[in-house]
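Take a look at the structure set out below.
The values are calculated or read from the model by the stated rules, or taken from the named source; none is laboratory data. Because the structure is predicted, anything quoted here is derived from the model rather than measured. Cβ coordinates were reconstructed from backbone atoms using ideal geometry, including for glycine residues, and neighbour counts include every protein chain displayed.
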Amino acid sequence: MTARASAKTLRPDSAATRHHAREVALQMLYQWEVGRMPMVEVAQSRPAEQPERLTEALQAFVLRLAHGASSRVEALDPLISEAASGWRIERMNIIDRLILRLAVFEFLEERDTPATVIINEAIELARSFSNDESVAFVNGVLDAIRRRLERA
């Protein structure tokens, strides 16, 4: 699983590096899901990110997202299933499912990040790692979850 490479140098903690951090978290979730490895092992086995790409704070953000999404599947999947009417979670494209889990976890736990930013980031992940149909699917599901969480 690879994303389009970025040739530009990124400022620490810029929006681009936060996006890269989400890409790394998604890649970790993919390794966890497909490789059936415990997330602790995934975190230990991944190569260290280039220091100019991810600061310590961003690496902590990566781990918080990856560990959080993988450990809260039982809470995240019902929200996703309800919003994705007609789709069983296990029948979804694996990348789409992982992007949704990552975004919903961020909705619930990263309260300082606006929902619109989380949705836009998830759409960009779908654009990079999946396909055009996935972009619309991810957008629709996350928007439905956002509306539901705002009411709760």
* **The one condition in (1) more than 15 Å from the chain's Cα centre (by Cα); (2) at pLDDT 90 or above that Leu63 fails to fulfil** => (1)
* Asked: How many residues, within the range 1-41, are modelled with pLDDT of 90 or more, among the β-branched types (Val, Ile, Thr) and over 22 Å from Phe107 (Cα atoms)?
  -> 1
* For the range 77-85, indicate whether the set of residues that are of a type outside the set (A, V, I, L, M), under 16 Å from Arg22 (Cβ atoms) and either within 15 Å of the chain's Cα centre (by Cα) or modelled with pLDDT of 95 or more (or both) is non-empty. => no
* Structure fact -> Expected single match for part of a helix (DSSP H, G or I) and crowded, with 22+ Cβ neighbours inside 10 Å among Ile99, Ile119 is Ile99
* Asked: Which one of the conditions (1) over 11 Å from the mean Cα position of the chain (by Cα); (2) closer than 14 Å to Ala21 by Cβ does Met92 fail to meet, given that it meets all the rest?
  -> (2)
* Selected residue [in contact (Cβ under 8 Å) with a residue 40 or more places away in the chain, in contact with an Asp or Glu (Cβ under 9 Å, 6 or more places away or on another chain) and assigned to a helix (DSSP H, G or I)] from Leu108, Leu79, Leu125 -> Leu125
* In the range 128-141, which residues are surrounded by fewer than 18 Cβ atoms within 10 Å (Cβ to Cβ) and either of a type in the set (S, T, N, Q) or touching a Ser or Thr at 6+ places or on another chain (Cβ under 8 Å) (or both)? -> Ser128, Asn131, Asn139
* To do: Report whether or not Gln44 is assigned to a helix (DSSP H, G or I), at pLDDT below 90 and more than 16 Å from His19 (Cβ to Cβ).
  => yes
* To do: For the range 99-120, indicate whether the set of residues that are farther than 21 Å from Arg146 by Cα and of a type outside the set (S, T, N, Q) is non-empty.
  => no
* Asked: Taking interchain pairs and intrachain pairs at least six residues apart, which have beta carbon atoms under 7 angstrom, with the first residue in the range 16-39 and part of a helix (DSSP H, G or I) and the second of a type in the set (S, T, N, Q)?
  -> Leu29/Ser70; Trp32/Ser70; Met39/Ser70
